[in-house]
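**Q** Before we start, here is the structure in question, set down as structure tokens.
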Amino acid sequence: MSRPTPFLWRDRRVALAVAAVALAFLAGTFSFDAVPAALMEGMGASEFPRLVGFVILLLALVLALQPAPAEEEALPAINRCGWATFAACTAFLVVLALAGMLVAMFAFMVGVGWLWGSGAPACCWPAPAAWCSASGCS
């Protein structure tokens, strides 16, 4: 079932939310310490996050300025696998803080691989272990 499109249609609401997060992110980057000129090489440690924030803000603006569709279709509900993947991303941040990057990456890759239907997790263990050890995470 479809209905007429309001002024703040779905994509415009998403664009406004993304723009708000990008503006908060950009505001946080102005609290970074300045890098001394003697240590500056290429783009500095505060300029790159600002660049990323500005690009996200620009993309949100482009999304907000897109023409509205004639009718807005109802979206399907998010299935359980989507919510479980979101929970796995949140769990990754917790494991990262408690056990470190190597354990968090390994557990995330094996867990999400199993969640997305790779079968027995044991068949997936060599690839994340090799990737984690090759990346030099500690």
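**Q** Calculate the FRET efficiency for PHE30 and LEU59 from the Cβ-Cβ distance with a Förster distance of 22 Å, rounded to the nearest 0.05.
**A** The calculated FRET efficiency here is 0.60.
**Q** For segment 1-100, how big is the tail of P(r) above 16 Å, as a whole percent of Cα pairs?
**A** The share of Cα pairs beyond 16 Å in segment 1-100 comes to 73 percent.
**Q** Give me the net charge for the shell around ALA17: Cβ to Cβ below 12 angstrom, other residues only, Lys and Arg +1, Asp and Glu -1.
**A** +2
**Q** Treat each spin label as a single point 7 Å out from the Cα along the C-beta direction, and report the ALA74 to THR90 distance in nm.
**A** 2.7
**Q** Report the gain in length on full extension from SER46 to LEU23: 0.36 nm times residue separation, minus Cα-Cα distance, nm rounded to one decimal.
**A** Full extension of this stretch gives 6.8 nm more.
**Q** Can you give the charge dipole size of segment 33-108 about its Cα centre, rounded to the nearest 20 debye, using +1 on the beta carbon of Lys and Arg and -1 on the beta carbon of Asp and Glu?
**A** 260
Readers should treat all values here as calculations from the given coordinates under stated rules, not as data from a laboratory. All of these numbers come straight from a predicted model, not from anything done at the bench. Because the Cβ atoms are built from the backbone with ideal geometry, glycine has one as well, and the counts that use them run over all protein chains shown.
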